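The values are calculated or read from the model by the stated rules, or taken from the named source; none is laboratory data. Predicted model only: the values in this text are computed from it and were never measured. When we count neighbours, we look across all protein chains shown, and the Cβ atoms used for this are built from the backbone with ideal geometry, even at glycine.
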Amino acid sequence: MNMVEPQHFNGLRGELALNAPLARHTSWRAGGGADAVYTPADRDDLSAFLRQLPIFEQVTALGLGSNTLVRDGGVRGVVVLMHDPGGVLAVADGLVYAEAGVACPKLARFAALHDCGGAEFLAGIPGTVGGALAMNAGCYGGETWSYVARVETLQRDGSFAVRTPSDYVTGYRSVRRADGRPLAELFTAAWFRFPAGEKTGAREKIRELLARRLATQPLDLPNAGSVFRNPPNDHAARLIESAGLKGVAIGGARVSEKHANFIVNPERRASAADIEALILHVRRVVAEKTGVELEPEVRIIGEAAA
Ligand SMILES: Cc1cc2nc3c(=O)[nH]c(=O)nc-3n(C[C@H](O)[C@H](O)[C@H](O)COP(=O)(O)OP(=O)(O)OC[C@H]3O[C@@H](n4cnc5c(N)ncnc54)[C@H](O)[C@@H]3O)c2cc1C
């Protein structure tokens with residue numbers, strides 16, 4: 001039985017859907033749904049929702065689902081859809097403020113427009129600001145947390161907190177709480193300190209970075225970016241290619257011919273089980289042939305189909 005019922009809530013302005021699919025909210029366009037999906041109207045509405053949600057209900061944030069595989073049996077509890085095409089972006093006191101639901105490419109363009117440098121790398125990351133904070137997303141030498149001045153978070157009881165980078169330990173695609181607590185809070189906004197730059201140069205750099213991606217990544221097919229983290233001093237793509245795995249398929253999922261660390265869903269018929277089986281297969285074959293155990297970068301959530 002679904003424990004999250006619309007009649008339990010008062011005064012919400014967002015949308016609550018029960019037993020809702022999530023495939024279209026993930027860049028793999030695959031996988032199951034959730035017991036309940038909440039799309040908040042804004043930060044305050046999300047806070048009101050969490051205050052009224054029974055405390056035992058599990059809450060999972062999903063941004064643009066560009067780093068997430070939802071297993072076919074779906075996610076128990078509530079998935080909160082954080083992406084907000086109308087999310088606030090602003091400049092104040094030398095900092096760029098972005099709500100968590102803003103898409104990273106939009107933040108990159110906004111920062112460029114306001115003569116900031118350093119944010120160009122975000123133009124090619126097809127996720128939200130919240131997802132970038134949770135993952136410490138980065139590329140081409142830039143990393144999200146290098147520029148964070150402070151973040152706003154929402155705790156499970158619906159109260160907001162403001163935290164600084166010293167509250168976290170961040171590294172390559174890794175963010176942990178400095179006090180050892182689980183990273184359970186949702187990111188709702190961030191203030192970034194980007195170095196002074198210059199509009200035209202920043203826009204030119206964005207164009208170059210996007211062209212480089214288009215040339216090297218299968219952006220025309222559903223995918224979730226790099227599936228595996230790069231091991232120290234090496235590249236997962238090189239190891240996967242050297243193990244002869246380019247083009248290998250399981251069900252509807254295939255190791256990209258263009259970029260070996262990408263798994264694509266070319267005909268949009270892959271199940272999450274196909275994708276996960278291929279991830280495990282690649283991991284096993286690479287370990288057998290090269291001795292390196294690849295660690296997934298993508299987050300796998302939910303339960304397998306019964
Ligand atoms: C074509 C392509 C290229 C990519 N290139 C890069 C790259 O160069 N560098 C890179 O780092 N990544 C890259 N990625 C992966 C992905 O875009 C990033 O990891 C991105 O930061 C994920 O953001 P998202 O909003 O889609 O997160 P989701 O996939 O929705 O979520 C990822 C994780 O973040 C958590 N999360 C999301 N929002 C919040 C929030 N508001 N508060 C708390 N937790 C939250 C989720 O619970 C989940 O654990 C690429 C992906 C694709 C498809």
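Summary table
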| item | result |
| --- | --- |
| Test: residue in region 38-49 that is part of a loop (DSSP other than H, G, I, E, B), among the aliphatic types (A, V, I, L, M) and crowded, with 21+ Cβ neighbours inside 10 Å | no |
| Restricting region 230-257 to residues that are within 16 Å of the ligand (Cβ to nearest atom) and charged (D, E, K, R), the residue that is surrounded by the fewest Cβ atoms within 10 Å (Cβ to Cβ) | E257 |
| Among the residues listed as G131, G138, the single one being surrounded by 23 or more Cβ atoms within 10 Å (Cβ to Cβ), within 8 Å of the ligand (Cβ to nearest atom), under 28 Å from L69 (Cα atoms) and touching a residue at least 24 places away in the same chain (Cβ under 8 Å) | G131 |
| Any chance L214 is modelled with pLDDT of 95 or more and closer than 16 Å to G63 by Cβ | no |
| Selection count where residues are part of a loop (DSSP other than H, G, I, E, B) and either surrounded by fewer than 16 Cβ atoms within 10 Å (Cβ to Cβ) or of a type outside the set (A, V, I, L, M) (or both), scope region 63-95 | 15 |
| Single unsatisfied condition, Y168 versus (1) touching a residue at least 24 places away in the same chain (Cβ under 8 Å); (2) within 21 Å of the chain's Cα centre (by Cα); (3) more than 8 Å from the ligand (Cβ to nearest atom); (4) surrounded by 17 or more Cβ atoms within 10 Å (Cβ to Cβ) | (1) |
| Scope region 258-306; condition of a type in the set (V, I, T) and within 14 Å of the ligand (Cβ to nearest atom); matching residues | I263, V264, I275, V298, I300, I301 |
| Subset of region 207-229 (residues that are surrounded by fewer than 16 Cβ atoms within 10 Å (Cβ to Cβ) and not aliphatic (A, V, I, L, M)) | R207, E208, R212, T216, D220 |
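Conditions (1) in contact with a helix residue (DSSP H, G or I) (Cβ under 9 Å, 6 or more places away or on another chain); (2) closer than 20 Å to S27 by Cα; (3) not in a loop (DSSP other than H, G, I, E, B), marked per residue:
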site	(1), (2), (3)
E241	no, no, yes
G247	no, yes, no
P266	no, yes, no
A273	no, yes, yes
A277	no, yes, yes
V286	yes, no, yes
